[in-house]
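Asker: Sharing a structure, written as structure tokens. Questions coming.
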Amino acid sequence: MTIKLADERRAEFVAALQNLFHSEFDETLSDFRANEVLDLFLKNLGPSVYNQAVQDVRAYFQTRLDDLDGEVYADSDG
């Protein structure tokens, strides 16, 4: 699975990585290196985070569907 970021979002993440490296490690991170780090994270963490989000949404909607049965159930005996 390849996760593609919009150019604006990618630029925000690159800037955040550069700020992190500068403030925490006193190291300047070039645009190239920041993009490489971001690509590594997206490749290795992206699919797991995506899959977890899908499972969380599925569980949320399943709970809502289960609640729906109790809310709209019509007794056929009455």
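What follows is calculated from the coordinates using simple rules that are stated; it is not laboratory data. Model, not experiment: these values are computed from the prediction. Note that each Cβ is placed from the backbone with ideal geometry, even for glycine, and that neighbours are counted across all protein chains shown.
Asker: Label-point separation (nm) for LEU38 and ARG64, each offset 7 Å from Cα along Cα-to-Cβ?
Answerer: 3.1
Asker: When the expected Rg is taken as 2.2 N^0.38 Å, what fraction or multiple of it is the alpha-carbon Rg of the chain?
Answerer: Details: Rg = 21.7 Å, N = 78, 2.2 N^0.38 = 11.5 Å.
So the Cα radius of gyration is 1.88 times the expected 2.2 N^0.38 Å.
Asker: Sticking with this structure for a sec: Given a cut-off of under 8 Å on Cα pairs at least six residues apart, what relative contact order in percent is computed for the chain?
Answerer: 29
Asker: Can you give the helix-only mean residue ellipticity at 222 nm for the chain, where every DSSP H stretch with n ≥ 4 adds -39500 (n - 2.57) and the sum goes over all residues, rounded to the nearest 500 deg cm²/dmol?
Answerer: Result for the chain, helices only: -26500 deg cm²/dmol.
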